[in-house]
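Engineer: The structure that follows is given in the form of structure tokens.
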């Protein structure tokens, strides 16, 4: 296992960032967020790998492939946050720290967004800080890896 590789997972519709509901998610694109997260990771001596998928099974496969290979995971599950028990189970089988990430604050939005099935298997959640959340999530996983 690489002690300094972190997987950044992006769930459904995040490929539309910058176009989709900019009043909620901001004007930055997913690529912009990945560039910022990669820079934050490099500053902490971490190699960051990014995968985005609109398909739950692809994210589950990526989590499985990270087992024994990556030290931690930062995951913005998008709408999968609220019902994707397969992602929950895959993350539960991952041995390193998991940090859940959201650009907006789901707790301040529609009631169906208030429950996360990812939170019980994450060390913590960064939510509501927009683009800064990516840096914060990378720093959080780095702090957990550094002990």
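The values are calculated or read from the model by the stated rules, or taken from the named source; none is laboratory data. What you see is a predicted model; the values in this text were computed from it and never measured. All Cβ positions, even for glycine, are placed from backbone atoms using ideal geometry, and neighbour counts span all protein chains on display.
Let's see how each residue does on (1) out of contact with any helix residue (DSSP H, G or I) (no Cβ under 7 Å at 6 or more places or on another chain); (2) assigned to a helix (DSSP H, G or I):
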{"position": "79", "(1), (2)": "yes, yes"}
{"position": "96", "(1), (2)": "yes, no"}
{"position": "107", "(1), (2)": "yes, yes"}
{"position": "115", "(1), (2)": "no, no"}
{"position": "130", "(1), (2)": "yes, no"}
{"position": "133", "(1), (2)": "yes, yes"}
{"position": "137", "(1), (2)": "yes, yes"}
{"position": "144", "(1), (2)": "yes, yes"}
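Engineer: Now, a different point. Does region 7-23 include one or more residues that are touching a residue at least 24 places away in the same chain (Cβ under 8 Å), more than 15 Å from the chain's Cα centre (by Cα) and part of a loop (DSSP other than H, G, I, E, B)?
Structural biologist: The answer is no, given that none of the residues of region 7-23 is touching a residue at least 24 places away in the same chain (Cβ under 8 Å), more than 15 Å from the chain's Cα centre (by Cα) and part of a loop (DSSP other than H, G, I, E, B).
Engineer: While we're here: May I ask you to say which residue of 64, 33, 82, 50 is touching a residue at least 12 places away in the same chain (Cβ under 8 Å) and surrounded by 21 or more Cβ atoms within 10 Å (Cβ to Cβ)?
Structural biologist: Working: 64 fails: surrounded by 21 or more Cβ atoms within 10 Å (Cβ to Cβ); 82 fails: surrounded by 21 or more Cβ atoms within 10 Å (Cβ to Cβ); 50 fails: surrounded by 21 or more Cβ atoms within 10 Å (Cβ to Cβ).
After applying the criteria, what remains is 33.
Engineer: Another one. For region 86-129, give me the residue count where each residue is modelled with pLDDT under 90 and on the phi > 0 side of the Ramachandran plot. Break it down stepwise before answering.
Structural biologist: At the first step, the residues of region 86-129 found to be modelled with pLDDT under 90 are 104-115.
Narrowing the set further to residues that are on the phi > 0 side of the Ramachandran plot leaves none.
Total meeting the criteria: 0.
Rundown of residues vs (1) under 19 Å from residue 16 (Cα atoms); (2) under 12 Å from the mean Cα position of the chain (by Cα); (3) surrounded by fewer than 15 Cβ atoms within 10 Å (Cβ to Cβ), yes/no style:
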position: 78; (1), (2), (3): yes, yes, no
position: 94; (1), (2), (3): no, no, no
position: 98; (1), (2), (3): no, yes, no
position: 103; (1), (2), (3): yes, yes, no
position: 111; (1), (2), (3): no, no, yes
position: 120; (1), (2), (3): no, no, yes
position: 125; (1), (2), (3): no, yes, no
position: 128; (1), (2), (3): yes, no, no
position: 132; (1), (2), (3): yes, no, yes
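Engineer: Another one. Sort out which residues of region 36-46 are in contact (Cβ under 8 Å) with a residue 40 or more places away in the chain and under 21 Å from residue 62 (Cα atoms), and write them in order of number.
Structural biologist: Of everything in region 36-46, those that are in contact (Cβ under 8 Å) with a residue 40 or more places away in the chain and under 21 Å from residue 62 (Cα atoms) turn out to be 37, 41, 46.
Engineer: I'm trying to understand the selection: among the residues of region 1-29, which are crowded, with 19+ Cβ neighbours inside 10 Å and over 19 Å from residue 122 (Cα atoms)?
Structural biologist: If we filter region 1-29 for residues that are crowded, with 19+ Cβ neighbours inside 10 Å, which is where we start, we get 6-11, 14, 17, 25.
Across region 1-29, the qualifying residues are 14, 17, 25.
Engineer: With the requirement that a residue be part of a loop (DSSP other than H, G, I, E, B), in contact with a helix residue (DSSP H, G or I) (Cβ under 7 Å, 6 or more places away or on another chain) and farther than 18 Å from residue 55 by Cα, what does region 82-94 give you? Lay out the reasoning, then the answer.
Structural biologist: Taking region 82-94 as the starting set, the residues that turn out to be part of a loop (DSSP other than H, G, I, E, B) are 83-84, 93-94.
From what is left, the residues that are in contact with a helix residue (DSSP H, G or I) (Cβ under 7 Å, 6 or more places away or on another chain) are 84, 94.
The one that is part of a loop (DSSP other than H, G, I, E, B), in contact with a helix residue (DSSP H, G or I) (Cβ under 7 Å, 6 or more places away or on another chain) and farther than 18 Å from residue 55 by Cα: 94.
Engineer: Would you check which residues across region 31-54 are farther than 16 Å from residue 126 by Cβ, in contact with a strand residue (DSSP E or B) (Cβ under 7 Å, 6 or more places away or on another chain) and part of a helix (DSSP H, G or I) and list them?
Structural biologist: Answer for region 31-54, where residues must be farther than 16 Å from residue 126 by Cβ, in contact with a strand residue (DSSP E or B) (Cβ under 7 Å, 6 or more places away or on another chain) and part of a helix (DSSP H, G or I): just 38.
Engineer: Would you mention how many residues in region 82-120 are closer than 13 Å to residue 72 by Cβ and in contact with a strand residue (DSSP E or B) (Cβ under 7 Å, 6 or more places away or on another chain)? Before the answer, list the steps.
Structural biologist: Restricting attention to region 82-120, the residues satisfying the condition of being closer than 13 Å to residue 72 by Cβ are 91, 94-101.
The next check asks that each one be in contact with a strand residue (DSSP E or B) (Cβ under 7 Å, 6 or more places away or on another chain); those that pass are 91, 94, 96-101.
The total comes to 8.
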